[in-house]
Structure formats: C-alpha cells, structure tokens
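See structure below.
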Amino acid sequence: MPQADSQVIKARFDEQGYCFPLRVMSAGQAAGYRARLEALGEEMSRRRLGHGTQLNQMHLVATFANEIVRNARVLDAVEAIIGPDILVWGSTFFIKPAR
C-alpha cells in the first residue's frame with residue numbers, strides 16, 4: 001500500500017488542516033474491523049448497554065480498536081504531523097446508520 005511520505009503528509013496538513021486519503025490498511029483489514037465493530041454494536045444493543053451511537057475509549061476495551069491505534073502506518077502519519085511523542089488519549093466511534 002503506497003502512502004505519502006512524512007514531508008508530504010506534514011505539508012498537506014499544514015496547508016489544509018488535514019491529509020486525505022491515507023492508506024493505512026487493506027480493504028480486507030478494514031472490512032474485518034468493521035465487522036467486529038458491528039458485532040460489538042449488536043451485542044451492546046442485545047444487552048441494552050449504552051445508546052449505541054457513540055462508543056468512547058474503545059482502544060481500552062476492544063482489542064480491534066487497540067490494534068487500529070497501534071497500527072504502524074497510522075502512527076507514522078501521526079508522527080509526521082506531531083512528532084514521535086505520541087499518546088492515545090481517547091478514541092470514539094460515532095455510529096450513524098443509514099437514513
């Protein structure tokens with residue numbers, strides 16, 4: 001998966017305030033993570049845990065979210081913008097069904 005180098009990421013972020021798109025995982029990996037998120041949402045709904053539209057601090061409770069925040073390609077892109085001293089303070093999934 002080709003990804004822009006650190007200088008390009010930093011320059012785009014400085015100019016535009018964002019850098020998009022960045023390929024950090026394959027389509028298959030993304031589909032796998034989505035399936036795991038959907039399964040978690042279904043389980044939460046079945047157990048009536050939370051309102052299910054916003055899930056916070058998921059990297060602390062769901063292994064798949066922890067894998068995403070530790071993905072080397074994600075961290076490389078973040079490092080290009082803020083430097084190597086990285087701490088994941090929070091993670092949130094906003095779930096918005098169709099319609």
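Treating the angle as unsigned and between 0 and 90°, give the value, to the nearest 10°, between the Cα long axis of helix 27-47 and the longest Cα principal axis of the chain.
30 degrees
Please calculate how many Å² of accessible area the chain carries per residue, with a 1.4 Å probe and no DNA, RNA or ligand atoms counted. Could you put the intermediate results ahead of the total?
Details: 7590 Å² over 99 residues.
Per residue, the chain has an accessible area of 77 Å².
Normalised by the residues of the chain, what does the relative contact order come to in percent, with Cα pairs under 8 Å and at least six apart? Display every interim value, and only then the final one.
Details: 73 pairs, mean separation 31.8, N = 99.
For the chain, the relative contact order is 32 percent.
Compute the long axis of helix 72-82 from its Cα atoms, compare it with the longest principal axis of the Cα atoms of the chain, and write down the angle in degrees, 0 to 90, nearest 10.
Helix 72-82 and the main axis of the chain meet at about 60 degrees.
Tell me, what HN-Hα J-couplings in whole Hz come from the Karplus equation 6.51 cos²θ - 1.76 cosθ + 1.60 at θ = phi - 60° for each residue of segment 57-70, using x for Gly and Pro?
Each residue of segment 57-70 in turn: 6, 5, 5, 8, 10, 10, 4, 5, 5, 5, 4, 5, 6, 9 Hz.
Expected output is a single nm value to one decimal: the length gained when fully extending between ALA27 and VAL88, i.e. 0.36 nm times separation in residues minus the C-alpha distance. What is it? Before the final figure, lay out the partial values.
Details: separation 61, 0.36 × 61 = 21.96 nm, distance 2.39 nm.
So the chain would gain 19.6 nm between ALA27 and VAL88.
Where the accessible area of the chain is counted over protein heavy atoms with a 1.4 Å probe, how much of it, in %, is carbon and sulfur?
On the way: 4230 of 7590 Å².
After summing per-atom areas, the C and S share lands at 56 percent.
The values are calculated or read from the model by the stated rules, or taken from the named source; none is laboratory data. As the structure is a prediction and not an experimental result, all values here were calculated from the model. Heads up: the accessible areas ignore ligands, DNA and RNA and are worked out on the full protein's heavy atoms, side chains in. Shrake-Rupley method; radii C 1.70, N 1.55, O 1.52, S 1.80 Å.
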